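Some notes on the structure that comes next.
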Amino acid sequence: MRSLLNLTYDGNSLGVFLLLTVTLGGGAAALTGRAIAAAWRPWWHLIALVLLLGAAVRFLHFALFEGTLLSLTYYVADTAVCLVCGLIGFRLMRVSQMVTCYGWINERADLYTWRRRKAASGRAGTSESG
């Protein structure tokens, strides 16, 4: 457990990591994921933006709390947290879109998935005229 904490913050308190990386960085990444999904773009478009966001979070650690700026280990940890939050935001938005926009064919299965609606047992209302 101690080695995991060493990966996530560089001498500052755990509260700084939770504030900057999880709350600010993760929140921004989740909103970025929602924006990517709202534009109907694929999930992998999120990766380039999260890489930039990870650098911004690392800069905030450096500028505000005298953290290490150029550390690959801390950058990867910050970026991984942002990527997870971004993918969660993307998925939640995509499920909402698929249920809202295509409600006649899809229904929400749970928070992160949707499923096809069951087909009607008969084709009522159709008649052959000709």
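The values are calculated or read from the model by the stated rules, or taken from the named source; none is laboratory data. What you see is a predicted model, and the numbers here were worked out from it, not measured in a lab. Here the Cβ is made from the backbone with ideal geometry for all residues, glycine too, and neighbour counts use every protein chain on show. Remember, those area values only see protein heavy atoms, side chains included, never the ligands or the DNA or RNA. Shrake-Rupley method; radii C 1.70, N 1.55, O 1.52, S 1.80 Å.
What's the number of the condition ARG34 fails, among (1) touching a Phe, Trp or Tyr at 6+ places or on another chain (Cβ under 8 Å); (2) at pLDDT below 95; (3) open to solvent by 50 Å² or more (accessible area, probe 1.4 Å)?
(2)
Here are GLY67, GLY103, GLY54: which of them is touching a Phe, Trp or Tyr at 6+ places or on another chain (Cβ under 8 Å), over 15 Å from ALA30 (Cβ atoms) and of a type in the set (Gly, Ala, Ser)?
GLY67
Among the residues in the stretch 85-97, are any within 30 Å of LEU14 (Cα to Cα), surrounded by 15 or more Cβ atoms within 10 Å (Cβ to Cβ) and of a type in the set (Val, Ile, Thr)?
Checking the stretch 85-97: at least one residue is within 30 Å of LEU14 (Cα to Cα), surrounded by 15 or more Cβ atoms within 10 Å (Cβ to Cβ) and of a type in the set (Val, Ile, Thr).
Can you tell me which residue among LEU51, LEU69 is free of Cβ contacts under 8 Å to residues at least 24 places away in the same chain and open to solvent by 60 Å² or more (accessible area, probe 1.4 Å)?
Selected residue: LEU69, the only one of LEU51, LEU69 that is free of Cβ contacts under 8 Å to residues at least 24 places away in the same chain and open to solvent by 60 Å² or more (accessible area, probe 1.4 Å).
Name the helices (runs of 4 or more DSSP H) wholly inside the stretch 9-65 in which the number of residues that are within 14 Å of the chain's Cα centre (by Cα) is 1 or more.
26-38, 45-65
Check LEU60, LEU111, LEU69, LEU64 and return the single one that is at pLDDT 90 or above and among the hydrophobic types (A, V, I, L, M, F, W, C).
Of the residues listed, the single one that is at pLDDT 90 or above and among the hydrophobic types (A, V, I, L, M, F, W, C) is LEU60.
Would you please name the residue that is modelled with the highest pLDDT, looking only at residues in the stretch 72-82 that are open to solvent by 60 Å² or more (accessible area, probe 1.4 Å) and of a type outside the set (Ser, Thr, Tyr)?
Among them, the one singled out is VAL76.
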